[in-house]
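Inspection log for the structure reproduced underneath, given as structure tokens.
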Amino acid sequence: MINGDVSFWWNQIGMPVARPALAGDIDADVCIVGAGYTGLWTAYYLKLLAPDIRVVVLEQRFAGYGASGRNGGWLTNSITGGRDHFVAEFGRERVGDWQRRVNETVDEVIAVCAREKIDADIVKGGEYNVAMNRAQQSRLEAWAASEAEWPMADAQLLSADEARARIAIAGTTGGIWHPHAARIQPAKLAQGLALACERLGVVIHENTTVTEIVPGAARTEHGTVRADFVIRATEGFTANFAQAHREWLPMNSSLVVTTPLPASAWNDIGWAGRDVVGD
């Protein structure tokens, strides 16, 4: 992998052939800016719910170019910021229902991939986090105690022996596992979802940078899309818009990819469940 490449995932399957850029002013019912997961899932469900509406997606590079095609390959049920953060405002019952729905979202993605024949290398093995020293073990046990107050999270605390039996990570002192997670090949998911959207009638214009979003329109260097609704799905690229420059802070994370492991290494590790793993 060479710095400057889009991602390991796109290198694995090959870079996509670009879709045509916008070729002038057009009208739509809904214009979505950004062809990552946020934009593509929005387009997909809009067309399922209202097949006759005109949905146009504008993308500055290609579908899945951003974080959607270069993430860690985790499809999981985490609520950003933690559940307790939202209890004061919304109450435990509503936050607990939210967690159930996020759990269901993992299965919904898997179901859509099956229905749309998207081969994204999905295996639902759950999410596994491991401790490897006394400080980590203390934090792990505190986390497990907190998770026990949210039974819908289905978290299980594992002893050192139970953890090593699941995955033989050197120095393991304990682990915590829950079933609501799957590993995916994220570029394959983005690519397949874009194709599924197009089969439903969504129009995707790539290599089309939106320079400004205003009420009822998205302006680009190739023309303007006029729409009753314009949805900003730019995520980490939002700061590129002058009007939103100080509203959004892009963050960076990096991946390390090994060379392919021999079968003997997999046998030693015992990672048969294909859990997504963190510490």
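Out of (1) farther than 26 Å from residue 186 by Cβ; (2) part of a helix (DSSP H, G or I); (3) touching a residue at least 12 places away in the same chain (Cβ under 8 Å), what's the single condition that is false for residue 172? Unmet condition: (2). Scanning the range 79-122 for residues that are open to solvent by 80 Å² or more (accessible area, probe 1.4 Å) and assigned to a loop (DSSP other than H, G, I, E, B) returns 80, 117, 119.
Yes/no per residue for (1) within 19 Å of residue 147 (Cβ to Cβ); (2) more than 19 Å from the chain's Cα centre (by Cα):
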| residue | (1), (2) |
| --- | --- |
| 81 | yes, no |
| 85 | yes, yes |
| 92 | yes, yes |
| 97 | yes, yes |
| 104 | yes, no |
| 108 | no, no |
| 116 | no, no |
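Comparison of 226, 199, 232, 219 shows that the only residue that is of a type in the set (D, E, K, R) and more than 21 Å from residue 44 (Cα to Cα) is 219.
Residues in the range 196-224 that are under 26 Å from the mean Cα position of the chain (by Cα) and either of a type in the set (Ser, Thr, Tyr) or assigned to a strand (DSSP E or B) (or both): 10 in all.
With respect to (1) open to solvent by 60 Å² or more (accessible area, probe 1.4 Å); (2) touching a residue at least 60 places away in the same chain (Cβ under 8 Å); (3) part of a helix (DSSP H, G or I), the lone exception for residue 61 is condition (3). A residue that is under 22 Å from residue 127 (Cα atoms), assigned to a loop (DSSP other than H, G, I, E, B) and touching a strand residue (DSSP E or B) at 6+ places or on another chain (Cβ under 7 Å) can be found somewhere in the range 178-191. Within the span defined as the range 210-222, one or more residues are among the hydroxyl-bearing types (Ser, Thr, Tyr), within 22 Å of residue 35 (Cβ to Cβ) and open to solvent by less than 50 Å² (accessible area, probe 1.4 Å). Assess whether residue 14 counts as being out of contact with any Asp or Glu (no Cβ under 9 Å at 6 or more places or on another chain) and either surrounded by 13 or more Cβ atoms within 10 Å (Cβ to Cβ) or within 23 Å of residue 221 (Cβ to Cβ) (or both). The answer is no for residue 14. Any chance the range 227-242 includes a residue that's among the polar types (S, T, N, Q) and modelled with pLDDT under 85? Checked against the condition, which is being among the polar types (S, T, N, Q) and modelled with pLDDT under 85, the range 227-242 yields at least one hit. Checking each residue in the range 251-276 for being of a type outside the set (Asp, Glu), open to solvent by less than 70 Å² (accessible area, probe 1.4 Å) and either under 20 Å from residue 69 (Cα atoms) or in contact with a Gly (Cβ under 9 Å, 6 or more places away or on another chain) (or both) picks out 273, 276.
Is the range 18-25 home to any residue that is of a type outside the set (Gly, Ala, Ser), part of a helix (DSSP H, G or I) and in contact (Cβ under 8 Å) with a residue 24 or more places away in the chain? Checked the range 18-25: no residue is of a type outside the set (Gly, Ala, Ser), part of a helix (DSSP H, G or I) and in contact (Cβ under 8 Å) with a residue 24 or more places away in the chain.
Filtered by the rule that a residue be without any contact (Cβ under 8 Å) to a residue 60 or more places away in the chain and either within 27 Å of residue 97 (Cα to Cα) or not in a helix (DSSP H, G or I) (or both), the range 154-168 gives 154, 155, 156, 157, 158, 159.
Right, residue 253: outside any helix (DSSP H, G or I) and polar (S, T, N, Q) or not? So residue 253 passes the test.
Going through 55, 33, 106, 95 one at a time, which residue ends up being of a type in the set (Val, Ile, Thr) and out of contact with any Asp or Glu (no Cβ under 9 Å at 6 or more places or on another chain)? Quick ask: steps written out before the conclusion?
Values: 55 fails: out of contact with any Asp or Glu (no Cβ under 9 Å at 6 or more places or on another chain); 33 fails: out of contact with any Asp or Glu (no Cβ under 9 Å at 6 or more places or on another chain); 95 fails: out of contact with any Asp or Glu (no Cβ under 9 Å at 6 or more places or on another chain).
From the options 55, 33, 106, 95, the qualifying one is 106.
The lone criterion from (1) modelled with pLDDT under 95; (2) in contact with a strand residue (DSSP E or B) (Cβ under 8 Å, 6 or more places away or on another chain); (3) assigned to a loop (DSSP other than H, G, I, E, B) left unmet by residue 1 is number (2).
The values are calculated or read from the model by the stated rules, or taken from the named source; none is laboratory data. It should be emphasised that the depicted structure is a prediction, and the values quoted were computed from it without experimental measurement. When we count neighbours, we look across all protein chains shown, and the Cβ atoms used for this are built from the backbone with ideal geometry, even at glycine. When the accessible area is computed, the model is the full protein with side chains, heavy atoms only, and any ligands, DNA or RNA have been set aside. Shrake-Rupley method; radii C 1.70, N 1.55, O 1.52, S 1.80 Å.
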